[in-house]
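The values are calculated or read from the model by the stated rules, or taken from the named source; none is laboratory data. Since we're looking at a predicted model, the values are computed, not measured. Positions of Cβ are generated from backbone atoms using ideal geometry, with glycine treated the same way; all protein chains shown enter the neighbour counts. Quick note on the areas: whole protein, heavy atoms, side chains included, nothing else; ligands and nucleic acids left out. Shrake-Rupley method; radii C 1.70, N 1.55, O 1.52, S 1.80 Å.
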Amino acid sequence: MPDVSPPDASPPVASPPVLRFAPSPTGLLHVGNARTALLNALIARRRGGTFILRLDDTDAARSRAEFADAIAADLDWLGIPPDIRVRQSDRLGLYAEAAERLKAAGRLYPCYESEEELDLKRKLQRARGLPPVYDRAALRLTEAERSRFAAEGRAPHWRFLLAHRDVAWDDGVRGPQRVDTASLSDPVLVRADGSFLYTLPSVVDDIALGVTQVVRGEDHVTNTAVQIEIIEALGGTPPLFAHHNLLTLPSGEGLSKRLGHLSLSALRADGIEPLALAAAAVLVGTAHAVQPVASLDELAAVVDLASISRAPARFDPQELAGLTARTLHAMPFAAARARLLAQGIEGGEAFWLAVRGNLARFEDAAHWWRVCRQPLANAAAPEDAAFLADAAALLPPEPWGEATYGAWIAALKAASGRSGKALFQPLRRALTGADKGPELAGLLPLMGRARVDLRLRGSEKPL
Ligand code: GLU
């Protein structure tokens, strides 16, 4: 019996991945946050996986419900609604339970230093040329000293006892990484008031939700070795990590949620297309050129963590207007249909194909729909009344279709002897109220013979 298995030792087929986007609801999402969200969502989409929105809202003082709502609205607008939504403030019991397990395992220990004492220690270390790493003095406290602190009403904060070992991971963007955790301070996981800092909830959720891959900004690289140690201490398997470069303003300044830089809601209000924003946010600072895409699936197909550059990438918001126009000019009717109907535009595919090449913003379609179906708001008295009356007399009978305009113009050209601008410009002005716009050939059938006839004769009732 021949061996039918492939000759190479293929890795087992990976099960669908689970990825998450984990913003804190402390401000509006900006383009850099969109980059993180999209990378996670598109990798999940391409591989039939799950995309989780996790709101990191354990900081009750800074987290706000309206930012949580805005984040959900932004993800919907981008076209990446999450499959699962969780809020860390609903899950505090899980974190408390994990903290107890770490305490029982001797990996979480109480510390009593005040901020001032810690500051002083760091200053002294720096003065001696030593790195400002926590000296673990709290581990050497006696029972008596601890009881005295307790009697004084000092509540401890809790640090994770790092194993002081080499922690290695193969970063999806940065390649093999290695950190000796002896070079790091034991991280504080629980504050003196019992609240949790970001680290423990994040890893507890990554384990509990079965996250297989973490894609986030490179500002988190330094957290990764610590997180891998904690995940292993809790008996979990570390996910794959990838840290992408950060986006900056054209000036080089980092993007800030707090300062409201390049927020998605402001860009949306400016008429930026979500697909244009997505293409720019994902492709800038990679080996791929930033160019319009026809769908998120197309973008998902080119997402390639390994092609992301290591250097921060400048994001030029000026490019979004052009990218938006190019995205609209190529947008298939299927992608526009629901949005047109939502604006009361019932012209179907014929209307969309007639006007899309002239749109700078999607909303401009409404203008051209009014031009097709309502009296012109800015109809000027025809300057060329005799010519236009001749043009009206030559209008072919209905039904009108794609060939109507060509036949009409040929007849008008022959009858009037006009050509070029002298032929077309008066028609365009009379029919659309403007000097520029979509091809009249496409608009004419949408306007219908009666309206065209009235406009050419200058007798359409003004709005
Ligand atoms: N809440 C963290 C942030 O917004 C999440 C980081 C992570 O992805 O682990 O930076």
Which condition from (1) in contact (Cβ under 8 Å) with a residue 40 or more places away in the chain; (2) open to solvent by 50 Å² or more (accessible area, probe 1.4 Å) is the one that R191 breaks?
(1)
Odd one out for L53, checked against (1) within 15 Å of the ligand (Cβ to nearest atom); (2) open to solvent by 20 Å² or more (accessible area, probe 1.4 Å)
(2)
Within the stretch 406-451, the residues that are of a type in the set (V, I, T) and over 14 Å from F387 (Cα atoms) are T432
The one condition in (1) closer than 21 Å to L359 by Cα; (2) touching a helix residue (DSSP H, G or I) at 6+ places or on another chain (Cβ under 9 Å) that Q425 fails to fulfil
(2)
Please identify the pairs in which a residue from the stretch 445-463 that is open to solvent by 30 Å² or more (accessible area, probe 1.4 Å) and assigned to a loop (DSSP other than H, G, I, E, B) has its Cβ atom under 6 Å from the Cβ atom of a residue that is small (G, A, S) and at pLDDT 90 or above, counting only partners at least 6 apart or on another chain.
R457/A392
Single match in V282, V290 (criterion: of a type in the set (V, I, T) and open to solvent by 20 Å² or more (accessible area, probe 1.4 Å))
V290
Filter the stretch 132-160 for residues that are assigned to a loop (DSSP other than H, G, I, E, B) and free of Cβ contacts under 8 Å to residues at least 12 places away in the same chain; which is nearest to the chain's Cα centre (by Cα)?
G153
If I ask for residues that are modelled with pLDDT under 95 and of a type in the set (G, A, S), which ones from the stretch 353-383 would you list?
A377, A379, A380, A381
Suppose we keep only residues that are under 34 Å from the mean Cα position of the chain (by Cα) and of a type outside the set (D, E, K, R) within the stretch 93-110. Which one would you say is nearest to Y198 (Cα to Cα)?
Y95
Qualifying positions in the stretch 205-230 - more than 24 Å from R35 (Cα to Cα) and within 12 Å of the ligand (Cβ to nearest atom)
V226
Those residues of the stretch 359-373 which are open to solvent by less than 70 Å² (accessible area, probe 1.4 Å) and closer than 17 Å to L443 by Cα, in sequence order
L359, D364, A365, A366, W368, W369, V371, C372
For the stretch 149-177, which residues satisfy the criterion of being open to solvent by 80 Å² or more (accessible area, probe 1.4 Å) and either at pLDDT below 95 or hydroxyl-bearing (S, T, Y) (or both)?
A151, E152, R154
Return only the number of the condition from (1) open to solvent by less than 30 Å² (accessible area, probe 1.4 Å); (2) within 19 Å of G437 (Cβ to Cβ); (3) of a type in the set (G, A, S) that A300 does not satisfy.
(2)
Test each condition in (1) at pLDDT 95 or above; (2) over 15 Å from the mean Cα position of the chain (by Cα) for L259 and report the one that comes out false.
(1)
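The rows are residues; the columns are (1) under 14 Å from L443 (Cα atoms); (2) assigned to a helix (DSSP H, G or I); (3) in contact (Cβ under 8 Å) with a residue 12 or more places away in the chain; (4) touching a strand residue (DSSP E or B) at 6+ places or on another chain (Cβ under 7 Å).
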{"position": "A325", "(1), (2), (3), (4)": "no, yes, yes, no"}
{"position": "A335", "(1), (2), (3), (4)": "no, yes, yes, no"}
{"position": "F351", "(1), (2), (3), (4)": "yes, yes, yes, no"}
{"position": "G357", "(1), (2), (3), (4)": "yes, yes, yes, no"}
{"position": "A389", "(1), (2), (3), (4)": "no, yes, yes, no"}
{"position": "W408", "(1), (2), (3), (4)": "yes, yes, yes, no"}
{"position": "A422", "(1), (2), (3), (4)": "no, yes, no, no"}
{"position": "L431", "(1), (2), (3), (4)": "yes, yes, yes, no"}
Cross-chain or 6+ apart pairs with Cβ under 7 Å, the stretch 165-185 first and acidic (D, E), then in a strand (DSSP E or B) and buried (at least 19 other Cβ atoms within 10 Å of the Cβ):
D171/F241; D171/A242; D171/H243
Residue check, R62 open to solvent by 70 Å² or more (accessible area, probe 1.4 Å), in a strand (DSSP E or B) and within 16 Å of the ligand (Cβ to nearest atom):
no
For the stretch 16-35, pairs from a residue that is near the ligand (Cβ under 10 Å from one of its atoms) to a residue that is in a loop (DSSP other than H, G, I, E, B) and of a type in the set (D, E), with Cβ under 6 Å and 6 or more apart or across chains, are A22/D56; S24/D56; P25/D57
Odd one out for A360, checked against (1) under 28 Å from the mean Cα position of the chain (by Cα); (2) farther than 21 Å from L296 by Cα
(2)
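Can we say I84 is modelled with pLDDT of 95 or more and crowded, with 21+ Cβ neighbours inside 10 Å?
Numbers: modelled with pLDDT of 95 or more: yes; crowded, with 21+ Cβ neighbours inside 10 Å: no.
For I84, the condition - modelled with pLDDT of 95 or more and crowded, with 21+ Cβ neighbours inside 10 Å - is not met.
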